[in-house]
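The values are calculated or read from the model by the stated rules, or taken from the named source; none is laboratory data. This structure is a prediction, so every number in the text was calculated from the model and none was measured. No Cβ is skipped: glycine too gets one built from the backbone with ideal geometry, and neighbour counts run over all protein chains shown. Heavy atoms of the whole protein, side chains included, go into the accessibility calculation; ligands, DNA and RNA do not. Shrake-Rupley method; radii C 1.70, N 1.55, O 1.52, S 1.80 Å.
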Amino acid sequence: MTATKKTQILLNKGQMSQNKDMYSRWGIKIPLVFSFVNAFVITLFGIIGTFFGDWFTNLLDTLELPSIMYFWKENLKYLLGANIIFYIFMFVLGVILFYACLLMWNGHRTGVNLYAIGKSATLLLPILFFSLRGVAIGDIMTGVLFIAYYYLYMFRHLMTSSTQTTE
(Lines give C-alpha, C1' and ligand atoms only; values in the text may rest on other atoms or scores of the structure.)
Protein backbone atom coordinates (compact mmCIF):
# COMPACT_ATOMS: atom_id res chain seq x y z
CA MET A 1 0.00 0.00 0.00
CA THR A 2 1.41 3.37 -0.96
CA ALA A 3 0.58 6.70 0.48
CA THR A 4 1.53 10.22 -0.38
CA LYS A 5 1.76 13.26 1.81
CA LYS A 6 -0.93 15.87 1.47
CA THR A 7 -0.15 19.38 0.28
CA GLN A 8 -1.71 22.32 2.05
CA ILE A 9 -3.92 24.59 -0.04
CA LEU A 10 -2.06 27.88 0.40
CA LEU A 11 1.64 27.43 -0.19
CA ASN A 12 4.40 29.69 1.07
CA LYS A 13 6.86 31.34 -1.29
CA GLY A 14 9.39 28.50 -1.40
CA GLN A 15 6.93 25.62 -1.28
CA MET A 16 5.60 25.94 -4.84
CA SER A 17 8.47 23.93 -6.29
CA GLN A 18 8.88 21.66 -3.26
CA ASN A 19 6.64 19.01 -1.72
CA LYS A 20 5.37 17.75 -5.05
CA ASP A 21 3.06 14.77 -4.80
CA MET A 22 2.26 14.12 -8.47
CA TYR A 23 4.36 14.07 -11.60
CA SER A 24 3.85 17.14 -13.77
CA ARG A 25 4.67 16.21 -17.35
CA TRP A 26 3.41 17.14 -20.79
CA GLY A 27 0.31 14.97 -20.28
CA ILE A 28 -1.07 17.51 -17.84
CA LYS A 29 0.72 20.64 -19.02
CA ILE A 30 -0.86 20.70 -22.49
CA PRO A 31 -4.48 20.64 -21.20
CA LEU A 32 -3.48 23.07 -18.43
CA VAL A 33 -2.73 25.72 -21.06
CA PHE A 34 -6.42 25.64 -22.02
CA SER A 35 -7.43 25.72 -18.35
CA PHE A 36 -5.19 28.75 -17.75
CA VAL A 37 -6.87 30.54 -20.67
CA ASN A 38 -10.30 29.56 -19.33
CA ALA A 39 -9.44 30.85 -15.85
CA PHE A 40 -8.17 34.11 -17.35
CA VAL A 41 -11.38 34.58 -19.39
CA ILE A 42 -13.56 33.88 -16.33
CA THR A 43 -11.55 36.38 -14.27
CA LEU A 44 -11.74 38.95 -17.06
CA PHE A 45 -15.50 38.41 -17.37
CA GLY A 46 -15.82 39.06 -13.63
CA ILE A 47 -13.83 42.29 -13.92
CA ILE A 48 -15.73 43.51 -16.99
CA GLY A 49 -19.09 42.74 -15.39
CA THR A 50 -18.16 44.39 -12.11
CA PHE A 51 -16.61 47.61 -13.36
CA PHE A 52 -17.48 48.04 -17.06
CA GLY A 53 -20.84 46.23 -17.48
CA ASP A 54 -22.87 49.23 -18.70
CA TRP A 55 -20.11 50.44 -21.00
CA PHE A 56 -19.67 46.99 -22.53
CA THR A 57 -23.45 46.61 -23.04
CA ASN A 58 -23.54 49.96 -24.87
CA LEU A 59 -20.57 48.86 -26.96
CA LEU A 60 -22.40 45.67 -27.94
CA ASP A 61 -25.45 47.74 -28.96
CA THR A 62 -23.38 49.91 -31.29
CA LEU A 63 -21.40 47.09 -32.90
CA GLU A 64 -22.49 45.81 -36.29
CA LEU A 65 -21.92 42.09 -36.01
CA PRO A 66 -22.76 39.48 -38.65
CA SER A 67 -26.15 37.82 -38.33
CA ILE A 68 -24.53 34.57 -37.28
CA MET A 69 -23.32 36.33 -34.08
CA TYR A 70 -26.83 37.51 -33.09
CA PHE A 71 -27.42 34.75 -30.54
CA TRP A 72 -24.00 35.27 -28.97
CA LYS A 73 -24.52 39.04 -28.76
CA GLU A 74 -28.00 38.80 -27.21
CA ASN A 75 -26.90 36.14 -24.73
CA LEU A 76 -23.89 38.22 -23.68
CA LYS A 77 -26.11 41.28 -23.20
CA TYR A 78 -28.44 39.14 -21.08
CA LEU A 79 -25.54 37.95 -18.92
CA LEU A 80 -24.19 41.48 -18.52
CA GLY A 81 -27.50 42.51 -16.96
CA ALA A 82 -26.82 40.37 -13.88
CA ASN A 83 -26.37 41.45 -10.31
CA ILE A 84 -22.88 42.62 -9.34
CA ILE A 85 -22.61 39.73 -6.85
CA PHE A 86 -22.56 37.30 -9.80
CA TYR A 87 -19.50 39.04 -11.26
CA ILE A 88 -17.69 39.18 -7.93
CA PHE A 89 -18.24 35.43 -7.55
CA MET A 90 -17.02 34.85 -11.11
CA PHE A 91 -13.88 36.90 -10.42
CA VAL A 92 -13.13 34.98 -7.21
CA LEU A 93 -13.77 31.64 -8.91
CA GLY A 94 -11.52 32.65 -11.81
CA VAL A 95 -8.70 33.43 -9.39
CA ILE A 96 -9.27 30.09 -7.63
CA LEU A 97 -9.15 28.25 -10.97
CA PHE A 98 -5.96 30.06 -11.94
CA TYR A 99 -4.32 29.14 -8.63
CA ALA A 100 -5.47 25.53 -8.99
CA CYS A 101 -3.93 25.37 -12.46
CA LEU A 102 -0.71 26.80 -11.08
CA LEU A 103 -0.66 24.13 -8.38
CA MET A 104 -1.23 21.36 -10.92
CA TRP A 105 1.47 22.79 -13.20
CA ASN A 106 3.94 22.51 -10.32
CA GLY A 107 2.88 18.95 -9.43
CA HIS A 108 0.56 19.39 -6.45
CA ARG A 109 -2.52 17.20 -6.41
CA THR A 110 -4.33 19.68 -4.18
CA GLY A 111 -4.71 21.71 -7.37
CA VAL A 112 -6.85 18.96 -8.91
CA ASN A 113 -9.29 19.03 -6.01
CA LEU A 114 -9.35 22.81 -5.96
CA TYR A 115 -9.90 22.89 -9.73
CA ALA A 116 -12.80 20.42 -9.47
CA ILE A 117 -14.49 22.51 -6.78
CA GLY A 118 -13.89 25.80 -8.59
CA LYS A 119 -14.96 24.52 -12.00
CA SER A 120 -18.11 22.92 -10.58
CA ALA A 121 -18.99 26.19 -8.87
CA THR A 122 -18.26 28.10 -12.08
CA LEU A 123 -20.67 25.84 -13.97
CA LEU A 124 -23.38 26.00 -11.30
CA LEU A 125 -23.26 29.75 -10.63
CA PRO A 126 -24.84 30.85 -13.94
CA ILE A 127 -27.55 28.22 -13.48
CA LEU A 128 -28.35 29.65 -10.05
CA PHE A 129 -28.54 33.21 -11.34
CA PHE A 130 -30.05 32.70 -14.82
CA SER A 131 -31.65 29.25 -14.79
CA LEU A 132 -30.64 27.11 -17.77
CA ARG A 133 -30.12 30.09 -20.06
CA GLY A 134 -26.89 30.92 -18.26
CA VAL A 135 -24.90 27.91 -19.38
CA ALA A 136 -24.57 25.78 -22.49
CA ILE A 137 -24.41 22.00 -22.56
CA GLY A 138 -20.99 22.24 -24.22
CA ASP A 139 -19.66 24.19 -21.22
CA ILE A 140 -20.81 21.48 -18.84
CA MET A 141 -19.44 18.68 -21.02
CA THR A 142 -16.06 20.39 -21.41
CA GLY A 143 -15.83 21.16 -17.68
CA VAL A 144 -16.65 17.58 -16.69
CA LEU A 145 -14.18 16.27 -19.28
CA PHE A 146 -11.33 18.39 -17.90
CA ILE A 147 -12.15 17.48 -14.29
CA ALA A 148 -12.24 13.77 -15.14
CA TYR A 149 -8.99 14.00 -17.11
CA TYR A 150 -7.16 15.78 -14.29
CA TYR A 151 -8.35 13.21 -11.74
CA LEU A 152 -7.33 10.31 -13.98
CA TYR A 153 -3.95 11.90 -14.54
CA MET A 154 -3.50 12.49 -10.82
CA PHE A 155 -4.33 8.90 -9.85
CA ARG A 156 -2.02 7.47 -12.52
CA HIS A 157 0.95 9.77 -11.80
CA LEU A 158 1.18 9.98 -8.01
CA MET A 159 4.61 10.23 -6.42
CA THR A 160 5.13 7.79 -3.60
CA SER A 161 7.44 8.32 -0.71
CA SER A 162 10.71 6.42 -1.04
CA THR A 163 10.74 5.57 2.67
CA GLN A 164 7.44 3.71 2.60
CA THR A 165 7.27 0.07 1.60
CA THR A 166 4.63 -1.54 -0.53
CA GLU A 167 2.83 -4.64 0.64
Find the eigenvalues of the gyration tensor of the Cα atoms of region 76-161, then list the square roots of 5 times those eigenvalues as equivalent ellipsoid semi-axes, largest first, in whole angstrom. 29, 14, 8
Largest to smallest principal axis extent of the C-alpha atoms in region 86-130, angstrom: 36, 15, 9
Here the gain from full extension of PHE155 to VAL37, 0.36 nm per residue of separation minus their alpha-carbon distance, amounts to 40.0 nm
Please give the peptides 80-86, 69-75 ranked by average Cβ packing (other Cβ atoms within 10 Å per residue), highest first, as a rough proxy for protection. 80-86, 69-75
How compact is region 9-147 by the rule of thumb for globular proteins, expressed as Cα Rg over 2.2 N^0.38 Å? 1.18
Hey, what's region 43-111 come to in accessible area per residue, 1.4 Å probe, Å²? 57
Note: LYS73 to ILE137 extended length (0.36 nm per residue) minus current alpha-carbon separation gives 21.2 nm
